[in-house]
Amino acid sequence: MTIKETKLKGCFILQPQIFKDKRGYFIESFNQQTFNAKLGLDIQFVQDNESKSSRGVLRGLHYQMGEYAQAKLVRVVKGGVLDVAVDMRKDSQTFGEHISVELTEENKTQLFVPRGFAHGFIVLEDETIFSYKCDNFYNKASEAGVIYNDEDLNINWQLQSSDFILSDKDLLLPKFKDAQSC
């Protein structure tokens, strides 16, 4: 597995080794020992989540506050997404900056999103299965978020906004300047 830190401190792109032959492929998608050793962290994931979405579905930008903050290791099982992480850490040198990474069924790329980051993705293919590990349990009272089309963040979601499918809840998220920082 190769690991590269992004411009956002603590946020890493992981590329597992893919073994292909006439039968198909094999990857080790996660190994706790290797993950912690290579990232220099002590993360213990406690919850796995999975969603299935169609092209244009935009989920995010979400995060949890306080004692229920979550780090996530995200990947695509089927299809493809543009995955986005936004630094919400007020004391960070990259506060308010974001990265975008294409995660696909073909490239098997994963993104580690540390605590203190808002996270979201837009589905780029007709049927996509998105999977992620969390290092803390979900807590509704700790939910926070930022509206996807915030002009200060200026995220290029790669699709036309007329193609976006969002939940009513995500349409009501605050602008970055009004959102809670971590």
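The values are calculated or read from the model by the stated rules, or taken from the named source; none is laboratory data. Everything quoted here is computed from the prediction, not taken from an experiment. Reconstructed Cβ throughout: ideal geometry from the backbone, glycine too, with neighbour counts over all protein chains shown.
Here THR34 passes the criteria (1) free of Cβ contacts under 8 Å to residues at least 60 places away in the same chain; (2) in a loop (DSSP other than H, G, I, E, B) except the one numbered (2).
Yes or no: the range 160-169 includes at least one residue that is of a type in the set (A, V, I, L, M), surrounded by fewer than 20 Cβ atoms within 10 Å (Cβ to Cβ), at pLDDT 95 or above and in a strand (DSSP E or B). Yes, the conditions are met somewhere in the range 160-169. Residue pairs whose Cβ atoms lie under 7 Å apart, sitting 6 or more positions apart in sequence or on different chains, and linking a residue in the range 1-24 that is within 21 Å of GLU102 (Cβ to Cβ) to a partner that is outside any strand (DSSP E or B) and of a type in the set (Gly, Ala, Ser), are PRO16/SER29. Taking (1) within 29 Å of ASN139 (Cβ to Cβ); (2) exposed (fewer than 12 other Cβ atoms within 10 Å of the Cβ); (3) modelled with pLDDT under 95 in turn, SER29 satisfies each apart from (2).
Scanning the range 77-97 for residues that are out of contact with any Asp or Glu (no Cβ under 6 Å at 6 or more places or on another chain), free of Cβ contacts under 8 Å to residues at least 60 places away in the same chain and crowded, with 18+ Cβ neighbours inside 10 Å turns up VAL81, ASP83. GLN17 fulfils the conditions (1) in a loop (DSSP other than H, G, I, E, B); (2) surrounded by 12 or more Cβ atoms within 10 Å (Cβ to Cβ) except for a single criterion, (2).
If you filter the range 44-76 down to residues that are surrounded by 16 or more Cβ atoms within 10 Å (Cβ to Cβ) and β-branched (Val, Ile, Thr), you find that the one that is farthest from GLU125 (Cα to Cα) is VAL74. Looking across the range 1-14, the residues that are in a loop (DSSP other than H, G, I, E, B) and not aliphatic (A, V, I, L, M) come down to THR6, LYS7, LYS9, GLY10, CYS11.
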